[in-house]
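Presented below is the structure to which this report refers.
The values are calculated or read from the model by the stated rules, or taken from the named source; none is laboratory data. The model shown is predicted, which means the values in this text are computed figures rather than measured ones. Using ideal geometry, Cβ is built from the backbone for each residue, glycine included, and neighbour counts are taken over all protein chains shown. The accessibility values were calculated without ligands, DNA or RNA, using every heavy atom of the protein model including side chains. Shrake-Rupley method; radii C 1.70, N 1.55, O 1.52, S 1.80 Å.
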Amino acid sequence: MGRLDGLAAVITGAAGGIGWATTKRYVEEGAKVIALDRDTERGAALVDDVGESVTFVECDVSSPTQVRSAVDRCVADHGRIDILFNNAATSTGGYVAELDLDGWDASLKVMLSAPLYGMQAALPHMVERRSGSIISTSSVYGLVASAGNSPYCAAKAGLINLTRATAIEYGRLGIRCNAICPGVVETPMFESVLGIGLTTRAEIAEMHAIGRTIQPSEIADLALFLGSDESTAITGQAITIDGGLLCEVNLTGVPPLS
């Protein structure tokens with residue numbers, strides 16, 4: 001018996017690091033997954049890796065029509081949607097006065113509006129069954145901020161309060177809604193940050209209390225818990241999984257033990 005036996009899930013950004021790991025974990029635990037991404041090459045590789053319980057659907061999550069079509073595909077193929085994992089992300093940046101407005105709009109579209117599109121498509125089906133779990137990938141940058149990163153920070157912060165509002169509205173109908181707030185995860189997006197050349201992997205690892213960055217599989221384990229019946233009393237939460245990244249403000253200079 002798997003922890004998600006008989007359940008059906010839609011995962012956006014499924015061809016990326018966290019999405020791939022979560023798709024694999026869900027299938028291992030018995031779920032059927034509709035995996036959404038724009039990258040068709042990696043989508044095909046995902047299906048080859050995970051197996052026939054995954055259906056890849058090419059999808060631009062900034063299109064509400066495409067998102068709704070994918071959710072409808074899940075219901076048509078499996079008769080239900082039990083889990084929606086809003087995980088797709090993009091990255092742009094710059095100082096506020098100099099931000100490219102197209103990049104700003106794209107960031108909010110993919111990381112804030114797209115989760116709404118998914119919720120609007122999935123919620124009527126979940127309400128009908130009076131059951132469902134909506135999970136969204138926010139970030140520690142939804143809780144704190146950094147220079148040159150305002151589009152990402154704003155979108156991820158907005159996603160946390162969208163999560164809370166949804167949890168309040170639909171909790172009495174059996175639907176849970178939570179956000180995951182990762183620290184630095186070993187994904188292609190992290191590699192692009194390193195490519196800027198302003199910091200190193202070792203320096204970033206040292207910022208975490210555990211002395212390392214986070215693996216996508218560790219986020220997938222949390223997404224599995226939130227999608228399963230083990231978390232039925234957890235809703236409206238922004239759950240930080242950051243290896244202790246945010247727990248320290250070292251004003252004294254005293255080093256940690258190692």
Sequence gap at least 6, Cα distance under 8 Å: using those rules, report the relative contact order of the chain to the nearest whole percent. 19 percent
Less than 19 Å apart at the alpha-carbon level, and either on another chain or at least 8 residues along: which lysines does that give for Lys32? Lys24
Listed residues Pro115, Pro188, Pro151; largest mean-square fluctuation, Gaussian network over the chain with Cα springs below 10 Å, found at Pro188
Given charges at beta-carbon only (K, R positive; D, E negative), |dipole| of the stretch 98-167 in Debye: 460 debye
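Counting only other residues whose beta carbon sits under 11 Å from that of Leu112, what net charge do I get with K and R as +1, D and E as -1?
Values: positive: Lys109, Lys156; negative: Asp105.
After counting each charged neighbour, the total is +1.
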Please return the longest stretch of the chain lacking exposed loop sites, where GluC sites (Glu not before Pro) count only if DSSP places them in a loop and at most 12 other Cβ atoms lie within 10 Å. 53-247
Filter the chain for me: DSSP H helices, axial length by Cα at least 18 angstrom, mean Kyte-Doolittle hydropathy not below 0.0. List them by residue number. 114-129, 150-170
Where the chain is the region considered: accessible area per residue in Å², 1.4 Å probe: 48 Å²
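What is the sum of charges around Pro255, taking Lys and Arg as +1, Asp and Glu as -1, for the other residues whose C-beta is under 14 Å from the C-beta of Pro255?
Details: positive: none; negative: Glu206, Glu248.
Net local charge, Pro255 excluded: -2.
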Convex hull volume of the Cα atoms in the stretch 102-162, per residue, in Å³? 65 Å³
Express the Stokes-Einstein translational diffusion coefficient of the stretch 164-258 in µm² s⁻¹, to the nearest whole number, given a Kirkwood radius over alpha-carbon pairs, 25 °C and a viscosity of 0.890 mPa s. 159 µm²/s
Rule-of-thumb Rg ratio for the stretch 17-111 [Cα; 2.2 N^0.38 Å; N residues]: 1.23
The stretch 95-123 residues near the modelled Ser192 label - backbone nitrogen below 19 Å, point 7 Å along Cα→Cβ: 95-96, 99-115
Working out 0.36 nm times the residue gap between Asn161 and Thr232, then minus their Cα-Cα distance, what length gain in nm do you get to one decimal? 23.6 nm
How high is the relative contact order of the stretch 38-116, in percent, with contacts defined as C-alpha pairs under 8 Å that are six or more residues apart? 27 percent
When only DSSP loop residues count, what trypsin sites (Lys or Arg not before Pro) in the stretch 169-258 have their Cβ near at most 15 other Cβ atoms within 10 Å? Arg212
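For the stretch 65-168, state the semi-axes of the equivalent ellipsoid (square roots of 5 times the eigenvalues of the alpha-carbon gyration tensor), sorted largest first and rounded to whole angstrom.
Working: eigenvalues 173, 42, 16 Å².
Taking √(5λ) for each Cα gyration eigenvalue gives 29, 14, 9 Å.
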Could you give the distance between the Cα centres of the stretch 9-57 and the stretch 65-101, to the whole Å? 14 Å
Under 5 Å, built H, 5+ apart or other chain: amide partners of Thr92: Tyr152
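Per-residue ellipticity at 222 nm for the chain, helices alone: DSSP H runs ≥ 4 residues times -39500 (n - 2.57), over residue total, nearest 500 deg cm²/dmol?
-13000 deg cm²/dmol
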For the chain, the accessible surface attributable to carbon and sulfur atoms (probe 1.4 angstrom, ligands and nucleic acids excluded) amounts in percent to 53 percent
May I ask you to list the lysines whose Cα is less than 16 Å away from that of Lys156, ignoring any residue fewer than eight positions away on the same chain? Lys109
